[in-house]
Amino acid sequence: MQLDVRTTLMIAAALALLVGLSLRYVQRDYPAALAPSIRQWMFGTLTLPIAWVLYGLRGEVSDLLAIVVANTVLTFALAHHVQALRRFCGYPHQRTLVYVPVTAMALCESFFVYVAPLPRVRDFIAAAILLAQMLMALAALADWSRLRRRSYRLTAAAFALCVLVLAARIVGVAFVPETNVSAAAGPIQTLMLGVAVFLPTVASFGFVLMCSDRLQRELEYRATIDSLTGISNRSTLGRLATKAIALAQRHGRPLALLMFDIDHFKQVNDAHGHEAGDEALRLFAATVQGELRGEDLFGRLGGEEFVAVLPESDLAAALASAERLRLEVERIVLASEGVAIPLRVSVGVAALRAGEDFVALLRRADLAMYAAKRAGRNCVHGPIDEPVEANVARPRGSESAIIW
């Protein structure tokens with residue numbers, strides 16, 4: 001079956017225009033972080049119809065428009081698709097990826113149309129340029145670690161199909177004798193026309209799904225963290241701590257929990273404003289997070305209360321860690337309007353008991369923390385119902401801040 005080339009190209013132009021306008025309509029519903037890549041993809045898609053219409057008018061308009069300008073515009077549109085994918089996947093914007101292929105296509109088409117009319121050479125080089133662009137698009141997606149997600153696979157499949165068709169075109173031009181691939185209505189031309197019609201639609205659909213997938217993952221991530229400090233929120237901490245405690249109970253491994261409460265935090269807010277209070281919370285969270293091990297869990301319960309879960313830590317190790325963290329908090333420099341604001345923290349420590357769950361462990365650490373408050377604040381307090389160990393770590397150069 002032979003396709004009517006002009007009709008097919010006009011359909012391709014209409015579809016690309018419809019897809020581009022649809023992207024233009026919905027782009028404001030996506031967050032600003034995705035706006036640059038969406039705009040670039042939309043611009044490339046809205047440019048495609050110009051190329052398809054000029055191809056369809058071949059024989060009725062000059063070769064300058066139907067060949068030189070059409071192929072240059074097509075290269076320009078695809079270059080923006082490549083850049084959109086690269087931006088989306090975190091690569092830096094590189095204008096050379098637009099200028100180089102577009103300039104190469106314009107020079108190739110002009111030279112082999114007007115200076116040295118060699119249609120087969122022209123077709124070969126033009127297809128090679130387009131193939132290089134498709135490979136760059138695939139490289140951007142292949143380097144992205146989330147190809148396991150179907151939206152990425154769909155977009156990559158669209159470009160992979162185009163790679164195969166362009167490779168077939170190159171082989172046909174190079175090795176099939178007496179074949180004018182540009183005009184032949186054979187299998188390769190049919191495939192080229194099919195790609196022209198469906199690639200922009202399928203690839204754009206895949207790209208929109210990629211954006212939606214990114215947005216969904218971002219929302220899921222934000223639902224798991226505390227928006228002010230960037231650490232785990234209460235629900236996420238509870239879920240992760242429950243798993244860690246179950247694992248420790250199953251294998252009989254030690255685990256401890258630290259309960260932090262920033263001393264006199266209300267006074268910081270009242271005297272210096274909520275902006276200073278927010279900065280104090282951020283600095284405290286960043287300081288503690290930076291001192292904890294990779295396997296430790298850290299999250300904000302709410303207000304000025306924080307919790308750290310220390311797997312593979314017995315009571316003595318947890319007390320030593322708590323004291324080290326208390327000293328690090330003392331070193332925090334918080335300035336508001338030229339005034340230095342000291343930060344101090346009271347810490348309650350509890351070690352996991354057999355059969356104990358997260359709620360019970362947290363309750364005992366909370367009691368220990370309030371005992372530290374009653375003992376004068378800015379200190380570490382162990383479980384109030386357990387005896388003191390003789391080998392508890394003491395801070396150097398000062399009286400012990402670990403209280404029983």
(request) Kindly check whether there is at least one residue in the stretch 324-337 that is farther than 25 Å from Asn269 by Cβ and either outside the structural domain of Ala241 (by TED's automatic domain parsing) or surrounded by fewer than 21 Cβ atoms within 10 Å (Cβ to Cβ) (or both). (result) yes
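For Val181, indicate whether it is modelled with pLDDT under 70, touching a helix residue (DSSP H, G or I) at 6+ places or on another chain (Cβ under 8 Å) and crowded, with 20+ Cβ neighbours inside 10 Å.
Spelling it out, Val181 is indeed modelled with pLDDT under 70, touching a helix residue (DSSP H, G or I) at 6+ places or on another chain (Cβ under 8 Å) and crowded, with 20+ Cβ neighbours inside 10 Å.
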(message) Just the residues that are over 17 Å from Leu255 (Cβ atoms) and without any contact (Cβ under 8 Å) to a residue 40 or more places away in the chain, please, taken from the stretch 225-245.
(response) Ile225, Ser227, Ser235
(message) Could you tell me how many of the residues in the stretch 276-294 are surrounded by 16 or more Cβ atoms within 10 Å (Cβ to Cβ) and of a type in the set (Gly, Ala, Ser)?
(response) 4
(request) Sort out which residues of the stretch 257-275 are crowded, with 19+ Cβ neighbours inside 10 Å and not in a loop (DSSP other than H, G, I, E, B), and write them in order of number. (result) Leu257, Leu258, Met259, Phe260, Asp261, Ile262, Phe265, Val268
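Which residue out of Ala51, Ala106 is surrounded by fewer than 18 Cβ atoms within 10 Å (Cβ to Cβ) and among the aliphatic types (A, V, I, L, M)?
Ala106
A quick yes/no check of all residues on (1) among the hydrophobic types (A, V, I, L, M, F, W, C); (2) buried (at least 20 other Cβ atoms within 10 Å of the Cβ); (3) outside the structural domain of Leu48 (by TED's automatic domain parsing):
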site	(1), (2), (3)
Asn71	no, yes, no
Phe88	yes, yes, no
Gln94	no, no, no
Tyr99	no, no, no
Val102	yes, yes, no
Val113	yes, no, no
Ala132	yes, no, no
Leu141	yes, yes, no
(request) Would you please list the contacts, defined by Cβ atoms under 7 Å and residues six or more apart or on different chains, that run from a residue in the stretch 9-32 that is in the same structural domain as Asp213 (by TED's automatic domain parsing) to a residue that is surrounded by fewer than 17 Cβ atoms within 10 Å (Cβ to Cβ) and of a type in the set (Ser, Thr, Tyr)? (result) Leu15/Thr201; Val19/Thr201
(message) Being part of a helix (DSSP H, G or I) and surrounded by 21 or more Cβ atoms within 10 Å (Cβ to Cβ) is the requirement here; does Ser321 meet it?
(response) yes
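Okay, residues lined up against (1) surrounded by fewer than 17 Cβ atoms within 10 Å (Cβ to Cβ); (2) at pLDDT 90 or above:
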site: Glu218; (1), (2): yes, no
site: Arg222; (1), (2): yes, no
site: Ala248; (1), (2): no, yes
site: Pro254; (1), (2): yes, yes
(request) Please state which of the following conditions Tyr370 fails to meet, knowing it meets all the rest: (1) exposed (fewer than 13 other Cβ atoms within 10 Å of the Cβ); (2) hydroxyl-bearing (Ser, Thr, Tyr); (3) at pLDDT 90 or above. (result) (1)
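The values are calculated or read from the model by the stated rules, or taken from the named source; none is laboratory data. A quick note: this is a predicted structure, and the numbers were derived from the prediction, not measured. Reconstructed Cβ throughout: ideal geometry from the backbone, glycine too, with neighbour counts over all protein chains shown.
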